[in-house]
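*Asks:* Structure incoming, see below.
Values in this text are rule-based calculations from the coordinates and carry no lab data. Treat the numbers as computed from the prediction; the structure is a model and nothing was measured. All Cβ positions, even for glycine, are placed from backbone atoms using ideal geometry, and neighbour counts span all protein chains on display.
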Amino acid sequence: MDLRAIGLGLAFALMWSSAFTSARIIVADASPLFALSLRYLLSGLIGVGLALAFGQSWRLTAPQWRATIIFGVLQNAIYLGFFFVAMQTVEASLAAIIASTMPLMVALAAWLFLGDKLGPLGIIGLVTGITGVALIMGTRISGGVDLTGVAICFVGVLALTIATLTVRGASSGGNLLMVVGLQMLVGCVALTIATLLFETPRVTPSWPLALAFIYTCLVPGLLATWIWFLLVGRIGATRAATFHFLNPFFGVAIAAVLLGETLGSRDIIGVAIIAAGILAVQISRQRTV
């Protein structure tokens, strides 16, 4: 893994983790599905416009179109849609911790259903990661966390897991920025339908909302997704996923600094355990690829 790949991985992890804090700010002043659909409209149009300016084409390969639609619906609409709804009552730090379990769920699903090999280190990593999640959830449940919101987050992670297992087709064949922009527009269409069916749009204008919305559109939404595909194209999905072990640390740190969310000793220990489990699983998967 070269220095450029490490830089891309660190940048992606930091941007991806920051999305939970900005989302928490957004849903305080705007209805979640409407805000997210508008975010994807703007991000998608910017992405497609930049792709066209750079000479990229609408003519994607068949695997790219398939992955673009699946990824757009599962990640952009279902995963983030569920998280935005849940984060009306769930803290950003807890949402980031739940989302960071995705690599564990991907490894488990690939092992059980796709025939991927997972050595002893990977099995230890899965058990370790699950233990860390159980430690944190036990503390939060005793503290009165909204269980419905937590359940919604886990359903969202399941959708992200499925999306991750299908993303390989979108990272080959070129036109990466076009792919990213089109995925955003797919998510916008799906979320617009969901908004019309399940939500009455509301917006309370404020500077925190405006700044968080602009940041979310440009950085976690557009730039982080583009960087992820660049990273996958450079070192492969299995190695790229190793950087997810940083997400629990970055997610809770950003929420603590910007939102003042408090973390107990068990939360910190749990985050460290989850990160160790994720790293062990990814190292094991690299050895079996």
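*Asks:* Which order do peptides 266-274, 56-64 fall in by mean Cβ count within 10 Å, highest first?
*Replies:* Per-residue Cβ counts within 10 Å, averaged per peptide and sorted highest first, yield 266-274, 56-64.
*Asks:* Would you mind computing, in nm to one decimal, how far apart the modelled labels at Val203 and Asp2 are, each placed 7 Å from Cα along Cα→Cβ?
*Replies:* 4.3
*Asks:* If you plug each phi of region 245-261 into the Karplus form 6.51 cos²θ - 1.76 cosθ + 1.60 with θ = phi - 60°, what whole-Hz ³J(HN,Hα) values come out, in order, with x for Gly and Pro?
*Replies:* Taking θ as phi minus 60°, the curve returns 5, 7, 4, x, 5, 4, x, 6, 5, 5, 5, 5, 6, 8, 10, x, 5 Hz for region 245-261.
*Asks:* Do the sum for the chain: with -39,500 (n - 2.57) for every DSSP H run of n ≥ 4, divided by all residues, what is the mean residue ellipticity at 222 nm, to the nearest 500 deg cm²/dmol?
*Replies:* Dividing the helical sum by the residues of the chain leaves -24500 deg cm²/dmol.
*Asks:* Give, to the nearest whole percent, the P(r) tail of the chain beyond 26 angstrom, counting all Cα pairs.
*Replies:* Here the long-distance tail beyond 26 Å is 40 percent of all Cα pairs in the chain.
*Asks:* Neighbour counts of other C-beta atoms within 10 Å: give me Val179, Val73 arranged from fewest to most.
*Replies:* Taking fewest neighbouring Cβ atoms as first place, the list is Val73, Val179.
*Asks:* Per the Kirkwood formula on distinct C-alpha pairs, the Rh of region 79-185 is how many angstrom?
*Replies:* 15.5
*Asks:* Run the quick spin-label model on Thr131 and Leu196: label points 7 Å from Cα toward the beta carbon, then report their separation in nm to one decimal.
*Replies:* Each label point lies 7 Å from its Cα, and together they span 5.1 nm.
*Asks:* Still on this model: For Gly143, what is the net charge nearby, where nearby means another residue's Cβ is under 14 Å from its Cβ and Lys, Arg count +1, Asp, Glu -1?
*Replies:* Local charge sum for Gly143: -2.
*Asks:* Still on this structure: Let me know the Kirkwood hydrodynamic radius for region 1-137, please, with Cα pairs as the basis and the value in Å to one decimal.
*Replies:* For region 1-137, the Kirkwood estimate is 17.7 Å.
*Asks:* Can you give the FRET efficiency for Leu218 and Leu263, using 1/(1 + (r/R0)^6), R0 = 30 Å, r = Cβ-Cβ distance, to the nearest 0.05?
*Replies:* Computed FRET efficiency for Leu218 and Leu263 comes out at 0.60.
*Asks:* With 10 angstrom as the radius, rank Val155, Val180, Val219, Val85 by how many other C-beta atoms surround their C-beta, starting from the fewest.
*Replies:* Val155, Val219, Val85, Val180
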